[in-house]
Each structure stands twice: as C-alpha cells, then as structure tokens.
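What follows is a set of notes on a single structure, which appears directly below.
The values are calculated or read from the model by the stated rules, or taken from the named source; none is laboratory data. All figures in this text were calculated on a predicted structure; none of them were measured in a lab. Cβ sites come from the backbone with ideal geometry, for glycine too, and all protein chains shown count toward neighbours. Note: accessible area is taken over every heavy atom of the protein model, side chains too, but ligands, DNA and RNA are not part of it. Shrake-Rupley method; radii C 1.70, N 1.55, O 1.52, S 1.80 Å.
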Amino acid sequence: MKHWNVERIRTNKKGERLACVTASDYTGARLADSAEIPLILVGDSLGMTVLGFESTLPVTLAMMLHHTAAVVRGVKDALVVADMPFLTYQASIPEAITNAGRFLQEAGADAVKVEGGALRVGLVEALTQNGIPVMGHIGLTPQSINQMGGYKVQGRSQAAAEQLLQDACMLEQAGVFAIVLECIPPDVAEKITAALSIPTIGIGAGPACDGQILVMNDLLGLSLQPPAKFVKQYATLAKTLQEAFTTYRQEVQNKTFPAKEHSYAPLT
Ligand code: KIV
C-alpha cells in the first residue's frame, strides 16, 4: 500500500505542507519518491522541458501515457497525478472519461488533473462519479495560452479574483481532491485557501497555499535560461552537467579516459 493516496491528500488541509513536484521519467520519479515527496505530477509541461515544444499544446495522450507509466514504475509511496493533455477532455464527457480512465488503467496513475474552473464542473462530477479522482488547476492555465494572450499573472482585478474564488469553490463542490493555483497574487491565493476544505497547491501563488509544486527541471536548475520569478532553484544541475560533458569530451580526446581502472584485466 502506498503511503499517499487521494483521501490522505484531500484530508491533509491542516497537516504537513505538501511539497509536490513534477516528474516525467523513472529516474526523476524514483529520486523524488525516495525524498518523501507526497505528490508527483506528470505535468504536460514535459512538452517543453523534455520534448522541446514551445507550449503544452502539442502534447498528446500517447505521449502522456508513455511518460506517466515510466513515472509510476519509479514510485513507491507518492500519489501520481497525470495531466490530461489539451483536447483530451474538452470535446465531450464520454471521451474524457475514456481518456482519463486510460491513465489509471494503462499507465497506473492514481488521479488526473484538468485545467479550468466552473466550466469543468460537469466533467469533474462525471470523472469522480466513475472512480477517477481529479485535481483541479486554475489561475494561469497553460493550455489556454492563446486565449489568455501569454503567460501572465491571473486574478489581478477584483472581478477576476472573485471569479477564481468562485471557480475554486465550484470545483471543490464538484469533487476535486486538491486544486493547483498557478500564477495568482498571494492575497487571492490566501483567500481561496481559507475558503476551501481541500488543499490548494500553489505555483507562483505565494506562501499561503496548503502545498507548493515546482516543475522538476526548474527546481533542479536543469535549464540554462534564467528561471521565472516564482522558481527557487535547489540545485544548478545544468551547469554541473555541462561541465561533466565537457570534461568527458576532453578526457576522451586527450586519452585520459578510459584509464587502467576502467578496463578489464587483460587475457594474459
Ligand atoms: O504541467 C505542469 O507542470 C503543471 C504544473 C505547473 C502545475 O501543470
């Protein structure tokens, strides 16, 4: 039995703050799980961080199933949530149930995440009533980037902040077990967090949320680009890895690798 399940996360409102992270492969998932991370999201941000796309929009169901299955194989205790990619849940509820079910049945995920507020109430009800736990995601929702006109902070006007609060309450009522709040002002996130009985998981949403989530590549400093304002890098692996590749290349070129200790005993 896993240590973390949906019910444990849902009822963790007053428990330890949830330090969540994304993962896209077996190795990253294994390391995060061994560090006692409670919730691992197979985020469709892997479209950018792993697959080199410009946005999350080109990410398909097949890609997400492939990465989710790899993450699941690396996890012993964390809850694994899979992002439903663009156009796999918007067209119709029956199609969404079939697609979401594949994450549980074929890839072994524990739950799925969908982007959007009040608009997703019917979908969340249908999924949860059919045994598929759902995490919500409001604020900056990258699958709607064309509609939003860029990666911008959301909920900045009174009306927009009230809409976010209403969205969060409606999602909770519909049955989500937690909600990601992405790129919203900290006071708006605080108000939403206080209004809900399920945990809020913030990313660029300030310190008041019940948990935080970071994209693994950001947390580990795996990009050579400067990070977004809300990111804290807990390592600078891009530099470390680049140096390792350079040293390796130099040692192969100047014949210091492989050395005697890297070679098997000769025949005679
Ligand atoms: O895709 C992703 O990584 C996400 C997180 C930013 C929450 O949705």
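Here is the list for the range 1-76: trypsin sites (Lys or Arg not before Pro) lying in DSSP coil, each with at most 16 other C-beta atoms within 10 angstrom of its C-beta, are K2, K13, K14, R17, K76.
If Lys and Arg each add +1 and Asp and Glu each add -1, what is the summed charge of the other residues whose beta carbon sits under 9 Å from the beta carbon of G136?
Values: positive: K113, R120; negative: E115, D167, E172.
Result for the local shell: -1.
As an equivalent ellipsoid, the chain spans semi-axes of 36, 21, 18 angstrom, where each value is the square root of five times an eigenvalue of the C-alpha gyration tensor, largest first.
What separates the Cα centres of the range 184-240 and the range 1-66 is a distance of 14 Å. Solvent exposure of C183, expressed as accessible area, is near 20 Å², computed with a probe of 1.4 Å over the protein chains only. Helix 186-195 and the longest principal axis of the C-alpha atoms of the chain enclose an angle of approximately 60°.
Applying 1/(1 + (r/R0)^6) with R0 = 41 Å to the Cβ-Cβ distance of L31 and L267, what FRET efficiency is obtained, to the nearest 0.05?
Working: r = 40 Å, r/R0 = 0.97.
The computed FRET efficiency comes out at 0.55.
Place a label point 7 angstrom from the Cα of R8 along the Cα-to-Cβ direction, then list the residues of the range 17-54 whose backbone nitrogen is under 19 Å away. Residues passing the 19 Å test: 17-23, 29-42. Bridgeable aspartates and glutamates around K232 (alpha carbons under 17 Å apart, same-chain partners fewer than 8 residues away excluded): E182, D218.
Among the listed pairs K113/K229; K113/K191; K2/K152; K14/K76, a Cα-Cα separation exceeding 32 Å is found for K2/K152. Placing unit charges on the Cβ atoms of the charged side chains and taking the dipole of the range 6-236 about its Cα centre, the candidate lying farthest along the positive direction among V134, F230, L119 is F230. Partners of K13 within straight-line reach, counting aspartates and glutamates whose Cα lies under 15 Å from its Cα and excluding those fewer than 8 residues away in the same chain: E172, E190, D210. Placing E125, E243, E172 in order of accessible area, with the largest value first and a 1.4 Å probe, yields E243, E125, E172. Under 5 Å from the amide H of F53 lie the amide H atoms of M48, each residue being 5 or more positions distant or on a separate chain, with H modelled from the backbone and absent for Pro and chain starts.
Would you work out what percent of the accessible area of the range 186-268, with all protein chains in place, is carbon or sulfur (probe 1.4 Å)? Let's see the in-between values first.
Working: 3460 of 5770 Å².
Roughly 60 percent, rounded to a whole number.
Averaging the sequence gap over all C-alpha pairs within less than 8 Å and six or more residues apart, then dividing by the number of residues, gives the range 46-205 a relative contact order of 18 percent. Taking all protein chains together and rolling a 1.4 Å probe, D77 ends up with roughly 50 Å² accessible. For the range 1-153, which whole percent of the accessible surface, found with a 1.4 angstrom probe, sits on carbon and sulfur atoms? With neighbouring chains kept in place, the figure for the range 1-153 is 54 percent. Normalised by the number of residues in the chain, the average gap of Cα pairs under 8 Å and 6 or more apart makes the relative contact order 16 percent.
Only the Cβ atoms of Lys and Arg (+1) and of Asp and Glu (-1) were treated as charged; on that basis the dipole of the chain about its Cα centre amounts to roughly 480 debye. Think of it as helices only: each DSSP H run of n ≥ 4 in the chain is worth -39500 (n - 2.57), and spread over all residues that comes to -11500 deg cm²/dmol at 222 nm.
For the chain, the longest principal axis of the Cα atoms and the long axis of helix 237-253 meet at an angle of about 20 degrees.
Rolling a 1.4 Å sphere over the protein heavy atoms, what is the accessible area per residue of the range 82-131, to the nearest Å²? On a per-residue basis, 41 Å². Pairs of Cα atoms nearer than 8 Å and 6+ residues apart set the relative contact order; for the range 1-141 it is 22 percent.
Can you give the angle from 0 to 90° between the axis of helix 158-174 and the longest principal axis of the chain, with both taken from C-alpha atoms, to the nearest 10? Approximately 90 degrees, to the nearest ten. Around the amide H of L39, modelled in the peptide plane, lie the amide H atoms of V21, L79, all under 5 Å away and 5 or more residues distant in sequence or on another chain.
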